[in-house]
Structure formats: C-alpha cells, structure tokens
1. Take the residues in the stretch 62-85 that are assigned to a helix (DSSP H, G or I) and without any contact (Cβ under 8 Å) to a residue 12 or more places away in the chain; name whichever of them is surrounded by the most Cβ atoms within 10 Å (Cβ to Cβ).
2. Please find, among 60, 67, the residue that is at pLDDT 95 or above, more than 19 Å from residue 36 (Cα to Cα) and out of contact with any strand residue (DSSP E or B) (no Cβ under 7 Å at 6 or more places or on another chain).
3. Just checking, does the stretch 36-50 include any residue being surrounded by 12 or more Cβ atoms within 10 Å (Cβ to Cβ), more than 22 Å from residue 119 (Cα to Cα) and in contact (Cβ under 8 Å) with a residue 12 or more places away in the chain?
4. Give the stretch 89-103 a look and list any residue that's under 17 Å from the mean Cα position of the chain (by Cα) and under 18 Å from residue 48 (Cβ atoms), or say none.
5. Which one is modelled with the highest pLDDT, of the residues in the stretch 86-114 that are surrounded by fewer than 17 Cβ atoms within 10 Å (Cβ to Cβ) and in a helix (DSSP H, G or I)?
6. List pairs: first residue in the stretch 90-116 and without any contact (Cβ under 8 Å) to a residue 24 or more places away in the chain, second residue part of a helix (DSSP H, G or I) anywhere in the structure, Cβ distance under 8 angstrom, at least six positions apart or on different chains.
7. Tally time: how many residues in the stretch 1-57 are in a helix (DSSP H, G or I) and modelled with pLDDT of 60 or more?
C-alpha cells in the first residue's frame, strides 16, 4: 500500500520545480523523450494497470498478492501484467509455480511516485470524472 504519511511529507511541486531547474534540456531533447513518456502514460491510463503499478511501488509482489490487494480479477490481471511486461514497465521473477512482478527501474519508480503524490488520497486538486449523464 502507499505510505500516505510519507507522501504528505513530500513536497512534489517543490521537488519537480527543483528538478526542472537542474535539468538543462532544450526543447528538442524534450521532444524526443515526449513520445516515450506519452507511451508509458497511455499504458498506465487504464485503471487496472495503474492500480497494479501503484501496488508495485512498495516492491515485488506475487500475482496472488497483487490480485488480493488490488481486487483486479485473475483473467484481467494476467492480461494487464503481460501488457506491462511486454512494454518493459515491469520485470518478472519465477519461484517454483509463483511469478513475482516489480516495477522496472528507477524511472518507473519515480514516475509512479510522482503520479501517486499528484493524484493520491491527499492530493489538493479534484480529479476530473466522466459525466454520468451520457
């Protein structure tokens, strides 16, 4: 689970501003990375995959642990984990009959930390919701 108290103590806006000031990227370099980041965000745009990635922030989990903690049913979970694996966002490790998943690399960990800080339970801004009138 997400450590809410730790997230409260972080100052994501200040950290992002500091990081942006430290980066000396020109717009062309950013443009080249935008496609990659956009693809990662598209994969995480599905609610189940986002839940799974948030759960993996705390470390490696077995498929059964992920299912129990997120509530995502096994067939959907298997499909979403496979998609995350194929796209290179998670790694796997097999131990006997169990498969364990983890976020792949520090960049994924940082991305998920930023997303959870921005949109987690203590986020300031309301999240846009789909209209129920449709």
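The values are calculated or read from the model by the stated rules, or taken from the named source; none is laboratory data. Quick caveat: nothing in here was measured; it's all calculated off a predicted structure. Because the Cβ atoms are built from the backbone with ideal geometry, glycine has one as well, and the counts that use them run over all protein chains shown.
1. So the residue we want is 67.
2. Working: 60 fails: out of contact with any strand residue (DSSP E or B) (no Cβ under 7 Å at 6 or more places or on another chain).
The match here is 67.
3. No: the stretch 36-50 contains no residue that is surrounded by 12 or more Cβ atoms within 10 Å (Cβ to Cβ), more than 22 Å from residue 119 (Cα to Cα) and in contact (Cβ under 8 Å) with a residue 12 or more places away in the chain.
4. Correct list: 89, 90, 92, 101, 102, 103.
5. In this case the residue turns out to be 86.
6. Close Cβ pairs (under 8 Å, with a partner that is part of a helix (DSSP H, G or I)) amount to 91/85; 92/85.
7. 28
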